[in-house]
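Undergrad: Pasting in a structure now, in structure tokens, and then I'll have a few things to ask.
The values are calculated or read from the model by the stated rules, or taken from the named source; none is laboratory data. Remember, it's a predicted structure, so these values are computed and weren't measured experimentally. Neighbour counts run over all protein chains shown; Cβ positions are idealised from the backbone, glycine included. Each accessible area value is taken on the protein alone, full model and side chains, heavy atoms only, with ligands, DNA and RNA left out. Shrake-Rupley method; radii C 1.70, N 1.55, O 1.52, S 1.80 Å.
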Number of protein chains: 2
Amino acid sequence: MVYKTNIRAPRGSELSCKGWTQEAAMRMLMNNLDPEVAENPDELVVYGGIGKAARDWESYEKLIATLKELENDETMIVQSGKPVAVFRTHENAPRVLIANSNLVPGWANWDHFYELEERNLMMYGQMTAGSWIYIGAQGILQGTYLSFVEAGKKKFGTADLRGKWILTGGMGGMSGAQPLAGKMAGAVILVVEVDRARIERKINEGYCDYLVETVDEAVQLVNKLTAAKEPASIGLVGNCADINRELLNRGLIPDFVTDQTSAHDPINGYIPNGMTLEEALQLRKTDVKTYERRAKETMAEHVRTMLEFQQAGAETFDYGNNIRAYAKEMGVENAFDFPGFVPAYIRPLFCEGKGPFRWAALSGDPEDIYKTDALAKEMFAEDTALVNWIDMAQKMVKWQGLPARICWLGYGDRHRFALRVNEMVANGELKAPIVFGRDHLDSGSVASPNRETEGMQDGSDAVSDWPLLNALVNTAGGASWVSIHHGGGVGMGYSQHAGQVLVADGTKLAAEKINRVLISDPGMGVVRHADAGYDIAVRTAKEKGINMPMLKG
Amino acid sequence: MVYKTNIRAPRGSELSCKGWTQEAAMRMLMNNLDPEVAENPDELVVYGGIGKAARDWESYEKLIATLKELENDETMIVQSGKPVAVFRTHENAPRVLIANSNLVPGWANWDHFYELEERNLMMYGQMTAGSWIYIGAQGILQGTYLSFVEAGKKKFGTADLRGKWILTGGMGGMSGAQPLAGKMAGAVILVVEVDRARIERKINEGYCDYLVETVDEAVQLVNKLTAAKEPASIGLVGNCADINRELLNRGLIPDFVTDQTSAHDPINGYIPNGMTLEEALQLRKTDVKTYERRAKETMAEHVRTMLEFQQAGAETFDYGNNIRAYAKEMGVENAFDFPGFVPAYIRPLFCEGKGPFRWAALSGDPEDIYKTDALAKEMFAEDTALVNWIDMAQKMVKWQGLPARICWLGYGDRHRFALRVNEMVANGELKAPIVFGRDHLDSGSVASPNRETEGMQDGSDAVSDWPLLNALVNTAGGASWVSIHHGGGVGMGYSQHAGQVLVADGTKLAAEKINRVLISDPGMGVVRHADAGYDIAVRTAKEKGINMPMLKG
Ligand SMILES: NC(=O)c1ccc[n+]([C@@H]2O[C@H](COP(=O)([O-])OP(=O)(O)OC[C@H]3O[C@@H](n4cnc5c(N)ncnc54)[C@H](O)[C@@H]3O)[C@@H](O)[C@H]2O)c1
Ligand SMILES: NC(=O)c1ccc[n+]([C@@H]2O[C@H](COP(=O)([O-])OP(=O)(O)OC[C@H]3O[C@@H](n4cnc5c(N)ncnc54)[C@H](O)[C@@H]3O)[C@@H](O)[C@H]2O)c1
């Protein structure tokens, strides 16, 4: 079914539900499908290939209708994007509980998922798509910026990437953050993207500076801009496997190489080479098996080029799309020779409970976000990276849907900040409540052995007790809505993760929930890493007084 | 580590914790390891091969110590049997949240599990072992009795199995209920068990009548007893694959054939043929790969015999140990020609939210259970099967650990009954609080495509959103402890399931929780089956007024 949508969440302080929690869930669901935010709202797709906010349009309508009627002591149950039940709970319980795309492990593969999707029994929830806290490209922007900065520190001992260049792939929903993030970090960034329209979109959004059609043009630009130490972003129309090979043939070795094409999904994501984009889309429809094989073969070649860049000295990393696993499946034995970005750059932050914390203004008024920006800069003045980020974000990030901000805050800071914001809602400084959430890619909410939990020092990469406990404790604490997903960015079979969102509506009840959930949520991150033996996490747990009955060391 | 145990939960109305919920969790954990209850308490094994209550003895001690200190607004987090954290929640939240044996699907196999177990990062939780609500053989007795009765109704149109005979395998923790259950149903039941000591134990417990060593003796007894229409149980020492073959060779076809050896675990459960038990245990230690292969080969032969019995007219069913899957893996293409017991006999009950509901008396006094028995007989007087069950159970079930009762109550009845019991605790009729729980094998708490959700009519067998939502809604409602497990009775990769336990301590708060959790918990079962299109469930949802926003039909 195609449904021409033009969904836009209500703004302002008037309620259309029976409480702000329900209202927030309704607005954030709608916001996920706002054409400013969603990649393909007509298909209910928010981001990441097929990551959806609701199973189908009928489910969407019923979700909205049910939220409007939901009492403050009721909880709506959502199974893969469909509202299946409402049960009575209590005011300290979540208003919505969500499970998306979860399959018994023996059946947790794309084939079975698509079979179920075809029968309309399931949808793909990605991470924040099906859990209604996607905030557009900014969400990933801070994380991508941070990864580039950390990669720079590691490779060159400095966060200043001027005069350096980055090669990557993909300019879609999440990957579309790369050009701007690379530029923010000071680098020249060349993004290979097979779909011209995606580059054009990013240029229109101000996220990308140049569009080029040939390797020659691209190389000329890169040379000129790096020589001038001028930060800039370039979109090159082409297939990564081919372009990378051509660059290698010419002996051009970037300082940094990564990739964020939608390789997690070899059927509806990644585009094979040796054919035009249109031919590929056609093949996907007519012969999906051949499509899948060709896509995986292209990934194998793509990864081989990345390995060669690494050999030649480029700082090379996997950027969370699971491309190494598929390449390995296709015979590239040493695919995992380059690391994932988490063990390489992000895990030390996770050990302090830091991760992609974010908030959105239900008023719809950017002023509300600017006020929270000011508060963050005041409260965390000593954190220069954070202050810089907010300054840059204010200049460079375009609002998409409800105004929102992302900041990597850790254990101890999240709840302190949210409590202050809750006061600002209470005393009218802000025009309407604020919604606090985070990506499922967070410190204590995901098990994903090829990404967030790759190479854990105790070998516990695949233990998914942790994200499940995260969901349970956030439910117990009274988050506004809680979700458990399978798949996400790395695809079927490769991850389990949990999300939570919490509304600060200025009430005392909200403050109590903040004091529980925004402690236990990042707390589980510190605990998970301390239990695995990471020094930083053990220290954090001890210094902050987290109660871990069996903590040693 | 071997730890000579003699654990026995405290009895009576004196608290050693700061509240009855914590006290209940502590007593039920201890009760799971009571030598009267547990299969192998020295190894912390409760039942089902390696199903444990705590990861190791240090974890056990810390679980107890933490429960003793836990406040009424705190929640202990248990990761695969180890207490990893305590967070502040609130009085309407669970006191304990548990996740056991959960693995990211791509790694959800026995090899990886054992690797993690060896590093002491994980334990196997089975269903009620790691979630502290195993009550010994009675738990399974009612279910097994019920299955035999329903099988009888299907095959012969009568629940009276006198003069019929049942052939099955296994007399361990759960399977040990078979001899008594078969006898209760009126049949002569022949149970093949490779371990003589297991049969002796069941004879000592009054669960089995005869032990025989040869097929000749067994056949003679069966013939005599069936002719006399005398209900009886016989344990025959031997390997199922061999004994079944010999019976086939002699042309002896039972009326019912099933099996409950621990086939879910080809390494630490099932015993291969062609060697003595001692040789098998030795081989397991010296050459685990060969052991595994030989075990699976034996399963294949075992299943072939079951298929031949079926061909010859026996009512044959899989009894939840996943033996068909391993046989199929070993080349028995038609292994799934005989059905699982759930689609065959149990699903119609699930559609009404019925399942293995149970309760235990924290007083330790059997009188408390007799009083609840009387209440159940009074409240459900029109349900003759239930009344009969209670009468038989009072006569035939020996107490193991804390006195307990199991009754398959459904949606609407569970909370009504528990509220009445809560009043009896309040007014002193009962000497101490009562703990209400259930198996993970319940109406709405499990996804297990080879067992509980085999052959769902909409094809949703493998969708594990459902058990996860069950855990979330029970957490939201304020169950005393909640658990999410992977594996369980069918082994790694084959199931995900959830448990909940709720304490009735006579308070108003307990009544409120009962009114939420004992509605939402069986409610999720009705919803799961109604969503799949089962008429009985759709009718139940409508008649009982369960709020299902998208229910059709
Ligand atoms: N930090 C992280 O770990 C993280 C965060 C978000 C997304 N991801 C992952 O990154 C990937 C991309 O996410 P997205 O939301 O941008 O997906 P998307 O589908 O919106 O965008 C992917 C883009 O890649 C392009 N593409 C596909 N194959 C190509 C090829 N061979 N050559 C060139 N271009 C090609 C597509 O045209 C598309 O524009 C996903 O796998 C996602 O899971 C990782
Ligand atoms: N209703 C259900 O679906 C349900 C309920 C409980 C248990 N189960 C399953 O039933 C199985 C048994 O559970 P359990 O707790 O009794 O396990 P257990 O390990 O305590 O007992 C199994 C018994 O089988 C015997 N055995 C193993 N291989 C044999 C062979 N080849 N021939 C003869 N005997 C053999 C063992 O000696 C042991 O006594 C498990 O797979 C469990 O998951 C199913």
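Undergrad: Please pick out the residue among B:Asn450, B:Asn474, B:Asn515 that is touching a residue at least 40 places away in the same chain (Cβ under 8 Å) and under 30 Å from B:Asp111 (Cβ atoms). Reasoning before the result, please.
TA: Values: B:Asn474 fails: under 30 Å from B:Asp111 (Cβ atoms); B:Asn515 fails: under 30 Å from B:Asp111 (Cβ atoms).
Answer to the selection: B:Asn450.
Undergrad: Please identify the pairs in which a residue from segment B:255-280 that is within 11 Å of ligand 2 (Cβ to nearest atom) has its Cβ atom under 8 Å from the Cβ atom of a residue that is open to solvent by less than 10 Å² (accessible area, probe 1.4 Å) and among the charged types (D, E, K, R), counting only partners at least 6 apart or on another chain.
TA: Close Cβ pairs satisfying both conditions: B:Thr258/B:Asp318; B:Asp259/B:Asp318.
Undergrad: Still on this structure, please answer the following. Among the residues of segment A:475-492, which ones are not in a strand (DSSP E or B) and not β-branched (Val, Ile, Thr)?
TA: We begin by selecting, within segment A:475-492, every residue not in a strand (DSSP E or B); these are A:475-480, A:487-492.
Answer for segment A:475-492, where residues must be not in a strand (DSSP E or B) and not β-branched (Val, Ile, Thr): A:Ala476, A:Gly477, A:Gly478, A:Ala479, A:Ser480, A:Gly487, A:Gly488, A:Gly489, A:Gly491, A:Met492.
Undergrad: Same structure, new question: What number of residues within segment B:101-122 are more than 7 Å from chain A (Cβ to nearest Cβ) and touching a strand residue (DSSP E or B) at 6+ places or on another chain (Cβ under 6 Å)? Show your work before the answer.
TA: Within segment B:101-122, the subset more than 7 Å from chain A (Cβ to nearest Cβ) is B:101, B:109-111, B:113-115, B:117-118, B:120.
If we keep only those that are touching a strand residue (DSSP E or B) at 6+ places or on another chain (Cβ under 6 Å) as well, we get B:101.
Result for segment B:101-122: 1.
Undergrad: Hey, among the residues in segment B:34-61 that are touching an Asp or Glu at 6+ places or on another chain (Cβ under 6 Å) and open to solvent by 10 Å² or more (accessible area, probe 1.4 Å), which one's nearest to B:Gly81 (Cα to Cα)?
TA: Among those that are touching an Asp or Glu at 6+ places or on another chain (Cβ under 6 Å) and open to solvent by 10 Å² or more (accessible area, probe 1.4 Å), it is B:Val45.
Undergrad: Provide a single number: the residues in segment A:320-343 that are in a helix (DSSP H, G or I) and touching an Asp or Glu at 6+ places or on another chain (Cβ under 8 Å).
TA: Residues flagged as in a helix (DSSP H, G or I) and touching an Asp or Glu at 6+ places or on another chain (Cβ under 8 Å) within segment A:320-343 amount to 5.
Undergrad: Just one of A:Pro449, A:Pro467 is within 16 Å of ligand 1 (Cβ to nearest atom), outside any strand (DSSP E or B) and touching a strand residue (DSSP E or B) at 6+ places or on another chain (Cβ under 6 Å); which is it? Show your work before the answer.
TA: Details: A:Pro449 fails: touching a strand residue (DSSP E or B) at 6+ places or on another chain (Cβ under 6 Å).
Among A:Pro449, A:Pro467, only A:Pro467 is within 16 Å of ligand 1 (Cβ to nearest atom), outside any strand (DSSP E or B) and touching a strand residue (DSSP E or B) at 6+ places or on another chain (Cβ under 6 Å).
Undergrad: State which residue is farthest from the chain's Cα centre (by Cα) when the search covers only segment B:461-518 and only residues that are at the interface with another protein chain (Cβ under 7 Å from one of its Cβ atoms) and open to solvent by 10 Å² or more (accessible area, probe 1.4 Å).
TA: B:Arg516
Undergrad: Kindly state which helices (runs of 4 or more DSSP H) lie completely within segment B:157-273 and contain at least 2 residues that are more than 16 Å from ligand 1 (Cβ to nearest atom) and surrounded by fewer than 24 Cβ atoms within 10 Å (Cβ to Cβ). Let's see the steps before the verdict.
TA: Numbers: elements: B:178-184, B:196-204, B:215-227, B:240-249.
In segment B:157-273, B:196-204, B:215-227, B:240-249 are the helices (runs of 4 or more DSSP H) which contain 2 or more residues that are more than 16 Å from ligand 1 (Cβ to nearest atom) and surrounded by fewer than 24 Cβ atoms within 10 Å (Cβ to Cβ).
Undergrad: Would a scan of segment B:374-381 turn up a residue that is assigned to a loop (DSSP other than H, G, I, E, B), open to solvent by less than 10 Å² (accessible area, probe 1.4 Å) and at pLDDT 95 or above?
TA: Restricting attention to segment B:374-381, the residues satisfying the condition of being assigned to a loop (DSSP other than H, G, I, E, B) are B:380-381.
Narrowing the set further to residues that are open to solvent by less than 10 Å² (accessible area, probe 1.4 Å) leaves B:380.
Cutting the leftovers down to at pLDDT 95 or above gives us B:380.
Checking segment B:374-381: at least one residue is assigned to a loop (DSSP other than H, G, I, E, B), open to solvent by less than 10 Å² (accessible area, probe 1.4 Å) and at pLDDT 95 or above.
Undergrad: For segment B:71-106, how many residues meet the condition of being without any contact (Cβ under 8 Å) to a residue 12 or more places away in the chain and in a strand (DSSP E or B)?
TA: 2
Undergrad: Would you confirm whether any residue within segment B:532-543 is outside any strand (DSSP E or B), hydroxyl-bearing (Ser, Thr, Tyr), facing chain A (nearest Cβ under 8 Å) and buried (at least 24 other Cβ atoms within 10 Å of the Cβ)? Let's see the steps before the verdict.
TA: The initial filter retains those residues of segment B:532-543 that are outside any strand (DSSP E or B), namely B:532-543.
Filter once more, keeping what is hydroxyl-bearing (Ser, Thr, Tyr): B:534, B:540.
Now narrow it down to the ones that are facing chain A (nearest Cβ under 8 Å): none.
No, the conditions are met nowhere in segment B:532-543.
Undergrad: Look through A:Arg416, A:Arg438, A:Arg420, A:Arg451 and report the one residue that is away from chain B (no Cβ under 11 Å), open to solvent by 10 Å² or more (accessible area, probe 1.4 Å), under 19 Å from A:Glu352 (Cα atoms) and charged (D, E, K, R).
TA: On the way: A:Arg438 fails: open to solvent by 10 Å² or more (accessible area, probe 1.4 Å); A:Arg420 fails: under 19 Å from A:Glu352 (Cα atoms); A:Arg451 fails: away from chain B (no Cβ under 11 Å).
Every option except A:Arg416 fails the conditions.
Matching residues to (1) closer than 16 Å to B:Gly455 by Cβ; (2) more than 15 Å from ligand 2 (Cβ to nearest atom); (3) surrounded by fewer than 19 Cβ atoms within 10 Å (Cβ to Cβ):
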residue: B:Thr305; (1), (2), (3): no, no, no
residue: B:Asp318; (1), (2), (3): yes, no, no
residue: B:Arg324; (1), (2), (3): yes, no, no
residue: B:Glu329; (1), (2), (3): no, yes, yes
residue: B:Glu333; (1), (2), (3): no, yes, yes
residue: B:Phe338; (1), (2), (3): yes, no, no
residue: B:Phe341; (1), (2), (3): yes, no, no
residue: B:Glu352; (1), (2), (3): no, yes, no
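Undergrad: Please indicate, with yes or no, whether at least one residue in segment B:38-56 is within 14 Å of chain A (Cβ to nearest Cβ) and touching a helix residue (DSSP H, G or I) at 6+ places or on another chain (Cβ under 7 Å).
TA: Yes, the conditions are met somewhere in segment B:38-56.
Undergrad: In segment B:47-69, which residues are modelled with pLDDT of 95 or more, among the hydrophobic types (A, V, I, L, M, F, W, C) and out of contact with any Cys (no Cβ under 7 Å at 6 or more places or on another chain)?
TA: Going residue by residue through segment B:47-69, those that are modelled with pLDDT of 95 or more are B:51-69.
Retained after the next criterion (residues that are among the hydrophobic types (A, V, I, L, M, F, W, C)): B:53-54, B:57, B:63-65, B:67.
Hits for segment B:47-69 are B:Ala53, B:Ala54, B:Trp57, B:Leu63, B:Ile64, B:Ala65.
Undergrad: Of everything in segment A:287-335 that's more than 15 Å from ligand 1 (Cβ to nearest atom) and within 14 Å of chain B (Cβ to nearest Cβ), which residue is nearest to A:Tyr145 (Cα to Cα)?
TA: Out of the qualifying residues, it is A:Lys328.
Undergrad: Pull up segment B:113-125, narrow it to residues that are closer than 14 Å to B:Leu44 by Cβ and open to solvent by 10 Å² or more (accessible area, probe 1.4 Å), then point me to the one that is nearest to the chain's Cα centre (by Cα). Talk me through it step by step, then tell me what you get.
TA: Initial filter on segment B:113-125 (closer than 14 Å to B:Leu44 by Cβ): B:117, B:120, B:122-125.
In the following step, the residues that additionally are open to solvent by 10 Å² or more (accessible area, probe 1.4 Å) were identified as B:117, B:120.
Working: B:Glu117: 23, B:Asn120: 25 Å.
This residue is B:Glu117.
Undergrad: Going by what's in this entry, would A:Ile140 be described as open to solvent by 20 Å² or more (accessible area, probe 1.4 Å) and within 16 Å of ligand 1 (Cβ to nearest atom)?
TA: Values: open to solvent by 20 Å² or more (accessible area, probe 1.4 Å): yes; within 16 Å of ligand 1 (Cβ to nearest atom): yes.
So A:Ile140 passes the test.
Undergrad: Go through B:Asn31, B:Asn6, B:Asn72 for me and flag whichever is open to solvent by less than 20 Å² (accessible area, probe 1.4 Å) and either more than 19 Å from the chain's Cα centre (by Cα) or within 20 Å of B:Asp505 (Cα to Cα) (or both).
TA: Numbers: B:Asn6 fails: open to solvent by less than 20 Å² (accessible area, probe 1.4 Å); B:Asn72 fails: open to solvent by less than 20 Å² (accessible area, probe 1.4 Å).
Among B:Asn31, B:Asn6, B:Asn72, only B:Asn31 is open to solvent by less than 20 Å² (accessible area, probe 1.4 Å) and either more than 19 Å from the chain's Cα centre (by Cα) or within 20 Å of B:Asp505 (Cα to Cα) (or both).
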